[in-house]
Amino acid sequence: MTPATETEKNVDEERKGGVFRLLYLFERYREYLLLAAILAVSSLTAYAIYSLTREIRIEDVRDALAATPLSAILLSLLFTALSFVAMIAYDINAIDYVRKEKLPLVSVAITSFTAYAVGNTAGFGALSAGAIRLRAYLRLGLTPEEIAKIIAFVTLAFGLGILMVTALSVLVTAPRLAALSGIDAQVIRAIATAVIVVMAVLLYIGRDGRRISIGFLTVRLPDSKTASRQFLVSALDMAAAATALYVLIPQNAVGWPTFFAIYSTAVGLGLLSHVPAGIGIFEAVMVSALGSNVDVDRILGSLLLYRLIYNVLPLLVAALALILAETRRFALVPVAAAFRQLEPRLAPALISALSVVTGAILIFSSVTPTNDDKLVRLENYMPVSIVESAHFVTSLLGLALFIAARGLSNRLDAAWWFTLATSVAALFFANLRGVSPLEASLLVVLIMTLSMTHRRFKRPASLIHQVLAPSWVAAMAVIVASAVTLLFFVYRDVDYSDSLWWEFEIADEVPRGLRAAAGLALAASAVAIYSLLRPAKSRPQLPTGDALDKALPIVMAGGAADANLVRMGDKQVLLSDSGKCFIMYGIQGRSWVALFDPVGDEEEAQELLWRFVEMAQAAGARAVLYQITPALLGFCADAGLRAYKLGEAATVSLPDFQLKGGRMANLRQTISKAQREDLEFHVAAAGAEVDAIMDELQAVSDSWLQQHDTREKTFSLGSFDPAYIRSQPVALLKQHGRIVAFATLLVTDAKIEGSVDLMRFVPDAPKGSMDFLFVRIIEYLRDEDFQSFNLGMAPLSGMSRRESAPVWDRIGGVIFEHAERFYNFKGLKAYKSKFAPRWEARYIAVSGNASPVMAIMDVTVLIGGGLRGVVGK
């Protein structure tokens, strides 16, 4: 290589490195940027609501609530039920579209109802509707790919449905909306018409399930039957949900079509804001749009009732259903039996969401005034010191219930005990300061569900070391900020001064609310700072000789050939307490990356994985499971890890392997040619025999690295280290006594599986040498009574590009088809397919809402041995 060429190469590597660093930094801080955006949007929304309600007092809202007729509330309940029936139809349509076999209707209905009950109320982290579906549908036997397609179908159907029905309603009500918004009616009609035309064109193009191509992306559109059926479901859902609120406001204030257009816009903006449950965003849009036609106090009262009916009540219903399903009296009822089948996967998320809602209600209650009748009773029977203390403590207990919810979603035994004790204490203290029926109901239901599901919370982990992910911090910040906004709205006319902090009278509720808000803000800030800025624990050390000595017997006794990569010594080793199982992992940035499934005793594998996830979280890092098998997907759902398909691994059944038949004709020709080239196959035994040829192997390796202009890899690949090379047999290919190619073999004493790691050859090796070497290795292992040969993974293989597939799969499918410039994805799979293997999916799982892109980047850096190894091959 000339000096000029070397300079150009270095410049190119620096350029690639700069781009990679920018992407890496963006993905690393993406969660924090989203957190900052949510906080900014919430702050602006709080200010907007405070300004819009400048002339409204809490008494006005109470009067509006009291004036709401019972018939309106009953109608709202009816339309809420209709909306949830329609949402169940989303899942039914998705399952019909994704797979031919149908699932039991009752099980699908329970899953869908619970997913929406939890997702509409919380909707973040492990409490999202998608996470609930993943847990439940795995239990019902669906594959992860099918579940991902169902989630994508439901999400896309809801988004397109709300867009279409909103456009239709806007087209009809354009003059009315123009008067409300100040935008010209013709402009509004033009936008709505454009949306309708685009949707109609897509519906026409996809009338027979046709495929369309946009650049490299090819999608199959739903056929006319599926699209029209889903549109009707979406229209029914949105119409029923909107009407559930519409019946609560004065009927002569605004027409239903105009209201529906405003409602759907508010829902859409709430979703786009990423604020949990759209708190504040939805209310701000509704108040600003309807404020000129409806009394603001009536709007606020209606919105409060709507939130209780549409968000809180379904969650209570799901929790009560869980309680009934756990009682023996209802054990034989079909619905209860179906619920009991799904309960192991649904209970933790459901109870976690209930804990979030109960905590939020307690927090909001601590900054709002108590009923006058209750104040009179408190003055007569309770000392002021007890009332003040109970009020302050109850607010903090509400925050504690929210914080403990994350532990509940992770099935922590400590979280179960803490939440139960906190709920009982909250019920006691809330009674001392005057509890509301809503607070009492939520606390009692939470206590009952906890007491009946203790067996689902058996993770013996410390609650103190559990920290909140950015999505949980954002939700906590939104709740506390909403409480502070509510405080200043309720006591808008108070002349605030320093003396208020020191006033202690039962009748003086302002000081009590201020102290509660201040306590909440301080406690929430402390939790947020600890979660986001805590110092990371010291980095675990690479395994010592003692750790490797314990791990190697487990490897040799097991059936996973790839587990021999622990011999490299470049990965940390986490052993189970009994020493019968281990995980090998690497650390890059904030990613703790476990390689493959746990090795060893399967009964200890899940407990060890929990330990690994908790260690990563305690260190302020994300847990990543790399190249895991489908067997671990159930654990990922329970642990709150999101799994993404990486590709497919190829395995050859050795007892069935033979070179007969037309499919193997090319391999037979390769063998015949190799024999004419005087190529000879030999396996050098580990230890002394490999040591004797180490210099020759080193020369072959060096020439291969130079020819391919690449560096040694690490982590999931072995590198040429003499100690590692001599630890396993080496398959050799010789020509006239000279080694022209070699492959290190990965084998275990169990002889269940064999594989290869390093495969290298000299530049002048005869063409087809590696095919010949592979065939001889497979035959050698077959003759040694091994059961299977692992050809390794074909990255991005088997990724779906259907329109119902998740974005990750569709991007992966496009890269697989069209990225030959950067990596020969299709060629690698085609090469491995020559040996007639069985293909099985492999996944990467990432904790919480962490980006899979960030995890992949960290894994890439680990394999490349650093950033320079990535950009410079």
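The values are calculated or read from the model by the stated rules, or taken from the named source; none is laboratory data. On a predicted model such as this, the values are computed, not experimentally measured, just so you know. Note that we place each Cβ from the backbone using ideal geometry, even for glycine, and neighbour counts take in every protein chain shown. Only protein heavy atoms, including side chains, enter the accessible area calculation; ligands, DNA and RNA are left aside. Shrake-Rupley method; radii C 1.70, N 1.55, O 1.52, S 1.80 Å.
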- [ ] Quick one: accessible surface of residue 505, probe radius 1.4 Å, all protein chains present, in square angstrom to the nearest 10.
- [x] 100 Å²
- [ ] Give, as a single signed number, the net charge of other residues whose beta carbon lies under 10 Å from the beta carbon of residue 512, with Lys and Arg counted +1 and Asp and Glu -1.
- [x] -3
Task: Accessible area (Å², per residue) of the range 689-737, counting only protein heavy atoms and a probe of 1.4 Å - done: 46 Å²
- [ ] Compute the signed sum of charges (Lys and Arg +1, Asp and Glu -1) over the other residues within less than 15 Å, Cβ to Cβ, of residue 425.
- [x] 0
Open item on the list: A 28 angstrom limit on the alpha carbon distance is what I want to check against. Which of 571/751; 149/225; 550/834 exceed it?
Closed with: 550/834
Task: From phi via Karplus (6.51, -1.76, 1.60), per-residue ³J(HN,Hα) for the range 282-297 in Hz, x at Gly/Pro - done: 4, 5, 5, 5, 5, 5, 5, 7, 9, x, 7, 10, 10, 4, 4, 5
- [ ] Could you please put 274, 391, 454, 736 in sequence from largest to smallest accessible area, using a 1.4 Å probe?
- [x] 736, 274, 454, 391
Task: the range 731-780 and the range 46-111: distance between their alpha carbon centers, rounded to Å - done: 63 Å
TODO: List, in order, the whole-Hz ³J(HN,Hα) value for each residue of the range 755-762 obtained from phi through the Karplus relation with A = 6.51, B = -1.76, C = 1.60 and θ = phi - 60°; use x for Gly and Pro.
DONE: 7, 10, 10, 5, 10, 9, 8, 7
Task: the range 37-133: C-alpha gyration tensor shape, a/c 1.5 cut-off, then a/b vs b/c - done: oblate
Open item on the list: Quick check on packing: order 473-479, 689-695 by the mean number of other C-beta atoms within 10 Å, highest mean leading.
Closed with: 473-479, 689-695
TODO: List the extent of the Cα atoms of the range 237-293 along each of their three principal axes, largest first, rounded to whole Å.
DONE: 33, 26, 16
- [ ] Determine, for each peptide in 166-173, 61-68, the mean count of other beta carbons within 10 angstrom over its residues, then list the peptides with the highest first.
- [x] 166-173, 61-68
Task: Cα radius of gyration and Dmax for the range 429-535 (Å) - done: 17.8, 52
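Excluding ligands, DNA and RNA, what is the solvent-accessible area per residue of the range 522-674 at a probe of 1.4 Å, expressed in Å²?
Working: 6350 Å² over 153 residues.
Result: 41 Å² per residue.
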TODO: Quick one: compute a quarter of the convex hull surface over the Cα atoms of the range 539-652 and quote it in nm².
DONE: 7.4 nm²
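Using a 10 Å cut-off on Cβ atoms, rank the peptides 649-656, 597-604 from the highest mean neighbour count down. Write down the numbers at each step before the final one.
Details: 649-656: 17.2, 597-604: 19.5.
The most tightly packed comes first, giving 597-604, 649-656.
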Open item on the list: Quick check: from the Cα gyration tensor, does the range 720-774 come out rounded (a/c under 1.5), prolate or oblate?
Closed with: prolate
Open item on the list: Suppose accessible area is computed on protein heavy atoms with a 1.4 Å probe; arrange 704, 417, 592 from highest to lowest.
Closed with: 417, 704, 592
Task: Cα Rg, Dmax (largest Cα-Cα span) when computed across the range 649-792, Å - done: 14.9, 42
Task: Radius of gyration, Dmax [the range 593-654; alpha carbons; angstrom] - done: 12.6, 44
Task: In Å², nearest 10: area of residue 279 left accessible to a 1.4 Å probe - done: 60 Å²
Task: Nitroxide proxy distance, nm - points 7 Å out along Cα→Cβ at residue 340 and residue 706 - done: 7.2 nm
Open item on the list: Not counting ligands, DNA or RNA, and with a 1.4 Å probe, what is residue 626's accessible surface area in Å² rounded to the nearest 10?
Closed with: 20 Å²
- [ ] Compute the FRET efficiency between residue 685 and residue 458 as 1/(1 + (r/R0)^6), taking r as their Cβ-Cβ distance and R0 = 56 Å, and round to the nearest 0.05.
- [x] 0.75
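Taking 35 Å as R0, compute the FRET efficiency from the Cβ-Cβ separation of residue 73 and residue 201 and round it to 0.05.
That gives a FRET efficiency of 0.25.
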Task: Cβ-derived FRET efficiency at R0 22 Å, residue 629 paired with residue 723, nearest 0.05 - done: 0.15
Task: Accessible-area composition of the range 28-92, carbon plus sulfur, in percent [1.4 Å probe] - done: 72 percent
Open item on the list: Leaving out ligands and nucleic acids, and using a 1.4 Å probe, what accessible area per residue does the range 229-367 come to in Å²?
Closed with: 33 Å²
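In the range 658-734, carbon and sulfur make up what percent of the accessible area (probe 1.4 Å)?
Ligands and nucleic acids excluded, carbon and sulfur give 48 percent.
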